[in-house]
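Asks: Structure incoming, see below.
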Amino acid sequence: MILLFPTVNELYGSLGKITLNEWKYGIPCGEWRGMRVFVTGVSKTNAAFASALIFSEIHPEEAILAGICGAYRQSGLKTGDIVSVVKDWFADEALLIDSEIRLLGEEGFPVCENNFTKFEKIPSLSNAESNTVSLLSSCDLLANIYYNKTNAVVENMEGAPVGLSALRCGVKVMQARSVSNYCGERINQEWDIKSAFRSLASFFQSTF
């Protein structure tokens with residue numbers, strides 16, 4: 001089992017301040033309870049590069065990607081809630097037509113089959129679907145466009161490409177996300193990153 005986090009802060013918030021050193025190509029690596037821990041970097045680009053390299057060179061049987069996420073208001077989730085993402089959409093690999101999006105796969109250019117990647121369920125957590133985006137929904141209009149397209153309940157920046165790397169490398173992968181804020185208008189996002197980190201820390205302490 002290996003653990004992946006998008007940022008050092010998410011790693012520290014989940015596991016505590018473990019020692020990190022460069023593994024290769026600028027990717028930080030450490031160890032926690034006998035498991036190797038990596039920081040992929042923020043965004044689909046960094047996550048795709050780092051996870052593909054890690055999976056192809058280390059060949060782990062299992063991996064967990066963990067971090068924070070935003071929740072769509074329609075989800076009913078609140079800050080500090082933690083979910084097991086089982087489906088993660090490439091939501092903004094798409095065309096914007098009026099106030100709707102069409103995924104690239106609907107135009108004949110799929111990023112992957114069905115434009116989403118799947119993750120194994122974490123038994124102790126509730127299932128959820130997520131949108132992986134580069135263009136964050138910092139206004140209600142865009143948040144509603146994403147939500148209406150996929151009905152995913154949370155939004156993140158790294159999940160779908162990590163799932164795709166795992167699929168192509170034959171790695172069993174899971175994803176835990178803790179809600180740190182709401183999607184939509186920036187002044188109404190109600191950030192509570194401390195609660196999100198407490199939930200992640202509790203999950204890792206109770207699971208391993």
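Asks: Every residue in segment 61-77 that is in contact with a helix residue (DSSP H, G or I) (Cβ under 9 Å, 6 or more places away or on another chain) and either modelled with pLDDT under 95 or surrounded by fewer than 17 Cβ atoms within 10 Å (Cβ to Cβ) (or both), please.
Replies: Once the filter is applied, which keeps residues that are in contact with a helix residue (DSSP H, G or I) (Cβ under 9 Å, 6 or more places away or on another chain) and either modelled with pLDDT under 95 or surrounded by fewer than 17 Cβ atoms within 10 Å (Cβ to Cβ) (or both), segment 61-77 yields Arg73, Gln74.
Asks: If you go through segment 103-120, how many residues are in a helix (DSSP H, G or I) and touching a residue at least 24 places away in the same chain (Cβ under 8 Å)?
Replies: 1
Asks: Using the structure shown, decide if Pro123 is part of a loop (DSSP other than H, G, I, E, B), at pLDDT below 95 and farther than 28 Å from Ile187 by Cβ.
Replies: Here the answer is no, as Pro123 does not meet what is asked.
Asks: Among the numbered criteria (1) in contact with a Leu (Cβ under 7 Å, 6 or more places away or on another chain); (2) part of a loop (DSSP other than H, G, I, E, B), which single criterion is violated by Ser134?
Replies: (1)
Asks: From the list Val83, Val39, Val111, exactly one residue is touching a helix residue (DSSP H, G or I) at 6+ places or on another chain (Cβ under 8 Å), under 23 Å from Val133 (Cβ atoms), at pLDDT 95 or above and among the β-branched types (Val, Ile, Thr). Which is it?
Replies: It is Val39.
Asks: Let me ask another. In segment 78-100, what count of residues is obtained for those that are crowded, with 23+ Cβ neighbours inside 10 Å and part of a strand (DSSP E or B)?
Replies: 7
Asks: Please work out which residue is nearest to Asp92 (Cα to Cα), limiting yourself to segment 25-45 and to residues that are in contact (Cβ under 8 Å) with a residue 24 or more places away in the chain and assigned to a strand (DSSP E or B).
Replies: Val39
Asks: Residue under question is Ala50, and the condition is that it be part of a helix (DSSP H, G or I), surrounded by 15 or more Cβ atoms within 10 Å (Cβ to Cβ), of a type in the set (A, V, I, L, M) and modelled with pLDDT of 95 or more; does it hold?
Replies: Judged against the criteria, Ala50 is a match.
The values are calculated or read from the model by the stated rules, or taken from the named source; none is laboratory data. Please read these numbers as outputs of a predicted model, since none were measured by experiment. Reconstructed Cβ throughout: ideal geometry from the backbone, glycine too, with neighbour counts over all protein chains shown.
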